[in-house]
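The values are calculated or read from the model by the stated rules, or taken from the named source; none is laboratory data. This structure is a prediction, so every number in the text was calculated from the model and none was measured. Quick reminder, even Gly has a Cβ in these numbers, built from the backbone with ideal geometry, and neighbours come from all protein chains shown. SASA here: full protein model, heavy atoms, side chains in, ligands and nucleic acids out. Shrake-Rupley method; radii C 1.70, N 1.55, O 1.52, S 1.80 Å.
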Amino acid sequence: MALQLGDVAPDFTAESTEGTIHFYDYLGDSWGILFSHPKDFTPVCTTELGEVARLKGEFDKRNTKVLGISVDDVESHRAWAGDIADATGHALNYPLLGDPDHKVSDLYGMIHPNASDTLTVRSVFIIGPDKKVKLTITYPASTGRNFQEILRVLDSLQLTAKHSVSTPVNWREGEDVIIATAIGDEEAKERFPKGFRTVKPYLRYTPQPDR
Ligand code: BEZ
């Protein structure tokens, strides 16, 4: 069965452009993002890998390790890396796993046989410091991902892991958040000293607590 939210992210050892990766050791106590690419030397993947390199500082700020994977081998990835830097202006600054035997792709259900028997779809897994899966997203090969959205979800996940809040539609860092329904108004007054406004008894907004 496909990996679901709350499942433990499987550990693995695999070769990468930065040497052997022992996944749990690579993550340490950080958050992690594992994202798959259908194939080397393909246009959409090239743009995505450059974009993640450009955003590396944003992932670092969020204490998040990024790790790409493609079913081609590491030698092919190394040759492709030059094109990624040329085409996007951003050289790879994080590891890209080789997976010619589909070991990791199969472990994470990244090959969807009705889409392709041999290529991965564009999967994204966000993994918490507890090694549990916090988010999965699947895009088809023809659609490049929006990594700003992935940063936005990461902000929400990190905030809601610390405070009894959730984030509303289209929320962005710094905007008001929603108080968990399990918290009564009296407790909310203590826990959210900046105050809150009640739109419905179950929909109460408060300023983002950690700002
Ligand atoms: C691409 O990255 O452009 C791509 C890769 C595999 C299939 C289709 C598109």
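How many residues does the range 29-45 contain that are farther than 16 Å from Ser123 by Cβ and either within 13 Å of the ligand (Cβ to nearest atom) or of a type in the set (D, E, K, R) (or both)? Full working, then the answer.
Narrowing the range 29-45 to residues farther than 16 Å from Ser123 by Cβ: 29-31, 40-41, 43.
So of that shortlist, the ones also either within 13 Å of the ligand (Cβ to nearest atom) or of a type in the set (D, E, K, R) (or both) come out as 29, 40-41, 43.
Within the range 29-45, residues that are farther than 16 Å from Ser123 by Cβ and either within 13 Å of the ligand (Cβ to nearest atom) or of a type in the set (D, E, K, R) (or both) number 4.
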Of (1) open to solvent by 40 Å² or more (accessible area, probe 1.4 Å); (2) among the small types (Gly, Ala, Ser); (3) touching a Leu at 6+ places or on another chain (Cβ under 8 Å), Ala81 satisfies every one except (1)
Among the numbered criteria (1) open to solvent by less than 20 Å² (accessible area, probe 1.4 Å); (2) more than 16 Å from the ligand (Cβ to nearest atom), which single criterion is violated by Ile137? (1)
Out of the range 92-119, which residues are open to solvent by 60 Å² or more (accessible area, probe 1.4 Å) and either free of Cβ contacts under 8 Å to residues at least 12 places away in the same chain or part of a loop (DSSP other than H, G, I, E, B) (or both)? Asn93, Pro100, Asp101, Asp106, His112, Pro113, Asn114, Ala115, Asp117, Thr118
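Checking the condition open to solvent by 40 Å² or more (accessible area, probe 1.4 Å) and either touching a strand residue (DSSP E or B) at 6+ places or on another chain (Cβ under 9 Å) or outside any helix (DSSP H, G or I) (or both), which residue from Leu49, Leu67, Leu34, Leu5 passes? Break it down into steps so the answer makes sense when it comes.
On the way: Leu49 fails: open to solvent by 40 Å² or more (accessible area, probe 1.4 Å); Leu67 fails: open to solvent by 40 Å² or more (accessible area, probe 1.4 Å); Leu34 fails: open to solvent by 40 Å² or more (accessible area, probe 1.4 Å).
That would be Leu5, the only listed residue that is open to solvent by 40 Å² or more (accessible area, probe 1.4 Å) and either touching a strand residue (DSSP E or B) at 6+ places or on another chain (Cβ under 9 Å) or outside any helix (DSSP H, G or I) (or both).
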Does any residue of the range 155-176 turn out to be of a type in the set (S, T, N, Q), closer than 26 Å to Thr47 by Cβ and outside any loop (DSSP other than H, G, I, E, B)? yes
Please work out if Pro209 is open to solvent by less than 100 Å² (accessible area, probe 1.4 Å), in a loop (DSSP other than H, G, I, E, B) and within 18 Å of Leu135 (Cβ to Cβ). no
Checking Val104 against (1) outside the structural domain of Cys45 (by TED's automatic domain parsing); (2) on the phi < 0 side of the Ramachandran plot, which single condition isn't satisfied? (1)
